[in-house]
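The next block holds one structure in the form of structure tokens; read it before the comments.
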Amino acid sequence: YVRLTQAMDSHDLARGRGEYADVLGGIDIPALVVSVDSDVLYPPREQHELAQLLPQAHYEVLHTPAGHDGFLIETAALGAMILRFMQG
């Protein structure tokens, strides 16, 4: 777990590829970005920025008081978001 956390914390998508915004701008596939409104580990503002930089991103907000793990609890709401995205 410690090694996995270190790898996630040190990963840089743009490393060796150019500027972050340019790298994300070059990802030309549909993407669903979901924020958990009470998440302090991955704040919604960061997820919203990611969605803005991905050309074909669709942004959704999952409302839950459960924080970061809210997506594990609000499975029906998350499933509905994924289904809308897949059908859209």
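The values are calculated or read from the model by the stated rules, or taken from the named source; none is laboratory data. In this text, all values refer to a predicted model and were calculated from it rather than measured experimentally. Neighbour counts are summed over all protein chains in view; Cβ atoms, including those assigned to glycine, are modelled from backbone coordinates with ideal geometry. These area figures cover heavy atoms from the full protein model, side chains too; ligands, DNA and RNA do not enter into them. Shrake-Rupley method; radii C 1.70, N 1.55, O 1.52, S 1.80 Å.
Got a sec? What order do His63, His48 fall in by accessible area at 1.4 Å, biggest, i.e. largest, first?
The ordering from most to least exposed comes out as His63, His48.
Which far-off residues, 5 or more places away or on another chain, put their amide H under 5 Å from the one on Val36, with H placed in the peptide plane?
Distant-sequence amide H within range of Val36: Leu62.
Net charge near His11, counting Lys/Arg +1 and Asp/Glu -1 over other residues with Cβ under 15 Å of its Cβ?
With Lys, Arg at +1 and Asp, Glu at -1, the net is 0.
So what J values fall out for region 42-55 if you push phi through Karplus, 6.51 cos²θ - 1.76 cosθ + 1.60 with θ = phi - 60°, rounded to Hz, Gly and Pro as x?
With coefficients 6.51, -1.76 and 1.60, one gets 10, x, x, 4, 6, 5, 5, 4, 4, 4, 5, 7, 8, x Hz.
Would you compute, from DSSP H runs of 4+ residues alone, the mean residue ellipticity of the chain at 222 nm, taking -39500 (n - 2.57) per run and dividing by the full residue count, rounded to the nearest 500?
After summing the helix terms and dividing by residue count, I get -13000 deg cm²/dmol.
Kindly provide the Kirkwood hydrodynamic radius of the chain in Å, to one decimal, from all pairs of distinct alpha carbon atoms.
For the chain, the Kirkwood estimate is 14.4 Å.
Loop-only check: which chymotrypsin sites (Phe, Trp or Tyr not before Pro) in the chain are DSSP coil with at most 15 other Cβ within 10 angstrom?
Tyr1
Taking the dipole about the Cα centre of region 1-80, with the C-beta of Lys and Arg at +1 and of Asp and Glu at -1, give me whichever of Gly67, Ala7, Gly18 is farthest to the positive side.
The listed residue farthest towards the positive side: Ala7.
Using the crude model of +1 on Lys and Arg Cβ and -1 on Asp and Glu Cβ, and no other charge, please compute the dipole size for the chain relative to its Cα centre, in debye to 20.
With only Lys, Arg, Asp and Glu charged at Cβ, the dipole is about 180 debye.
Through the Karplus equation 6.51 cos²θ - 1.76 cosθ + 1.60, θ set to phi - 60°, convert the phi angles of region 3-8 into ³J(HN,Hα) values in whole Hz; use x for Gly and Pro.
5, 4, 4, 4, 5, 5
Report the label-to-label distance for Ala31 and Glu46 in nanometres (one decimal), using points 7 Å from each Cα along the Cα→Cβ vector.
Placing both labels 7 Å beyond Cα along the Cβ direction yields 1.4 nm.
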